[in-house]
Amino acid sequence: MYYQTKIVFICVSVFFLAGGCASFKQPRKQVQHYIFEYASPEIKDLTPLPVSLKVARFSVATAYNTDRMIYREKSFSRDEYFYHKWRANPGDMVTDFLSRDIRNSGLFKAVLPHGTDFPFSCVLEGSVDEFVEWDAPEGWKAVMAVTVVLMAANEPDVSKRILFQKTYRAEKPFTEKTPHGLAQAMSAAMGDISANVIRDIHSVLTNGQ
């Protein structure tokens, strides 16, 4: 009886050791990371302004404050891909690419990052309100909503400091129903919003409206 028990124990131990070795040899599924990829909007019909603009870091609505790709398949629910993520938080991506696009427009004397100590004329703050893959029977689309606030830096009257506030929303259909398709569609949405923000900032600083 003793020897039978010992043999069973050895067999079970070998089984678990073999299973453990096999699991270590099996490659884990790699997490894929995505980021915006689009050309900065070309805005050629506006005159450059002698304004230095600081772009503050954008906040993110709680439901989308993650690097995971969020999708909506049915009402009142939000889910996330496990093996597909954004390279950075949506607020940081929107801040970085909007800063890049404003700078590349050539319409302002300087475009400064949120951590700068250099003097600036105006500051652009904002929030990412929606950042989601919207799956519907008629098709999938990327949905992005961004609210921006432009404020004068040296205006002593608080009531006059806010120059304008506006929410921008873009919906772009998928070319392919994959996380890669989501990244493409969200990039297109970001490009549209960025172009509209730049034009509105220029209009307010030029005409006051």
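Computed values, structure above
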| quantity | calculated |
| --- | --- |
| Choice from 198, 162, 70 with maximal GNM fluctuation in the chain (Cα, 10 Å cutoff) | 162 |
| Average Cα contact separation per residue, segment 74-209, under 8 Å, 6 or more apart, as relative contact order % | 19 percent |
| Within segment 85-190, trypsin sites (Lys or Arg not before Pro) in DSSP loop having at most 16 other beta-carbon neighbours inside 10 Å | 87, 177 |
| Separation in nanometres of the label points that stand 7 Å from Cα toward Cβ, at residue 155 and residue 40 | 2.6 nm |
| Rotationally averaged projected area of segment 117-158 (alpha carbon convex hull; nm²) | 4.6 nm² |
| Portion, in percent, of the accessible area of the chain that falls on carbon or sulfur, probe 1.4 Å | 55 percent |
| GluC sites (Glu not before Pro), loop per DSSP, at most 16 other Cβ atoms within 10 Å - longest free stretch of the chain | 74-137 |
| For segment 169-209: span of alpha carbons on each principal axis (Å, largest first) | 43, 12, 10 |
| Inter-label distance for residue 203 and residue 63, nm, one decimal - labels placed 7 Å from Cα along Cα-to-Cβ | 2.8 nm |
| Over segment 27-134 - Rg/Rh using Cα atoms and the Kirkwood inverse-distance radius | 1.07 |
| Dipole of segment 89-209, positive direction: furthest Cα of 201, 187, 144, with charges on the beta-carbon | 201 |
| Per residue convex hull volume, Cα atoms of segment 49-205, in Å³ | 121 Å³ |
| Excluding exposed DSSP-loop chymotrypsin sites (Phe, Trp or Tyr not before Pro) (at most 16 other C-beta within 10 Å), longest clean stretch of the chain | 77-209 |
| Solvent-accessible heavy-atom area per residue, rounded to whole Å², over the chain at 1.4 Å | 60 Å² |
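The values are calculated or read from the model by the stated rules, or taken from the named source; none is laboratory data. Computed from a predicted model, the values in this text were never measured in an experiment. Neighbour counts are summed over all protein chains in view; Cβ atoms, including those assigned to glycine, are modelled from backbone coordinates with ideal geometry. What goes into the accessible areas is simple: the full protein's heavy atoms, side chains included, and nothing from ligands, DNA or RNA. Shrake-Rupley method; radii C 1.70, N 1.55, O 1.52, S 1.80 Å.
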